[in-house]
Each structure stands twice: as C-alpha cells, then as structure tokens.
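J.: This is the structure, below, for whatever I ask next.
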Amino acid sequence: MKTRALFIIGINILVNVIDDVISAETDFKKYDFHRSENSNISFPGKRLVGHVYNSLTTKRQVIHCAYECLKSSRCRSFNFEHLAHTCELNDADHVMASGSLQDEAKGTSSEYFQRAAFSIEQVFIMAITFYEDLIKVVRF
C-alpha cells in the first residue's frame with residue numbers, strides 16, 4: 001500500500017514538472033544551416049571595412065556568425081576572424097561598397113561572407129501536444 005502511494009506521489013510530481021515545461025515552451029524547433037557552393041559570395045583573406053554595425057565573439061564556428069547575420073534584416077554581409085572567433089556584421093556588401101573589401105591584416109585569418117553565403121531552413125517542429133497526451137496517459 002505504501003509503495004503504491006509513493007508511486008502515485010512520484011507520478012504527480014512528474015506530471016507537475018511536465019506541466020511547468022509545457023507552460024514554458026509551446027513547441028520545439030530544429031533548423032538546418034546550409035552553406036552555398038557559390039564561390040562569389042565568400043572571400044578568404046578579405047574583410048569589408050567601414051560598414052560594421054555590430055561586433056561580437058562567437059563560439060568558434062562561422063555558422064554562429066552567419067546565424068546572427070540571418071537574424072538581422074540590417075545585415076548584408078559579415079566578416080569572421082577564425083583565430084579570435086570574432087564576428088562583424090556589416091550593413092553593406094562588397095557590391096554596394098566596392099572599395100571597402102580589403103586584404104586581411106597579417107597574422108589574422110579573416111574571411112568575408114555575403115549574407116547569401118548561408119541559409120537557414122526550419123526542418124522539424126514537435127508540437128507540445130505530444131507532452132499533453134503524455135500527461136493524460138500518466139494521470140490515468
């Protein structure tokens with residue numbers, strides 16, 4: 001009898017935790033990033049100067065910088081410094097500002113990218129109804 005009571009209490013605690021998760025999150029999404037094969041939209045050893053409107057440090061990968069650019073409608077291109085993991089978002093690209101694309105400074109590993117160098121696509125959404133159904137089953 002005590003074991004059954006403890007089991008029911010444990011299930012109720014689990015249900016309350018799941019309820020909290022459901023109220024905090026409405027769905028779970030997965031995105032895929034793609035890098036374009038077009039060689040005319042990324043330039044290793046170059047960076048666009050004079051058009052940086054935001055500079056930040058990333059988590060080592062250019063994809064984080066691309067994500068920041070894709071989130072901003074102002075971003076037209078970005079510079080990524082591979083050694084320092086710095087990302088510079090630009091409000092112009094090398095076509096709009098043709099004289100602004102310059103060789104990188106010695107000892108750095110910069111690369112310039114147009115916004116179109118990467119794309120993001122939502123590939124999966126798991127609606128919260130799965131968890132709502134789980135709660136119904138657990139509450140028996």
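J.: Of the residues that sit in segment 88-115 and are among the hydrophobic types (A, V, I, L, M, F, W, C) and within 25 Å of the chain's Cα centre (by Cα), which one is farthest from residue 52 (Cα to Cα)?
T.: Here the answer is 113.
J.: Does segment 54-67 hold any residues that are under 16 Å from residue 115 (Cα atoms) and either in contact with a strand residue (DSSP E or B) (Cβ under 6 Å, 6 or more places away or on another chain) or β-branched (Val, Ile, Thr) (or both), and which are they?
T.: 54, 55, 62, 63, 65, 66
J.: Now, a different point. Any residue in segment 44-70 that's without any contact (Cβ under 8 Å) to a residue 40 or more places away in the chain: show its pairings with residues that are of a type in the set (Lys, Arg) at Cβ separation under 9 Å, as long as the two are six or more apart or on different chains.
T.: Hits for this filter: 53/74; 54/74.
J.: Could you please give the count of residues in segment 79-125 that are at pLDDT 80 or above, in contact with a helix residue (DSSP H, G or I) (Cβ under 9 Å, 6 or more places away or on another chain), outside any loop (DSSP other than H, G, I, E, B) and among the aliphatic types (A, V, I, L, M)?
T.: So the answer is 3.
The values are calculated or read from the model by the stated rules, or taken from the named source; none is laboratory data. From a predicted model like this one, the values you see are computed outputs, not experimental measurements. All Cβ positions, glycine included, derive from the backbone under ideal geometry; neighbour counts span all protein chains shown.
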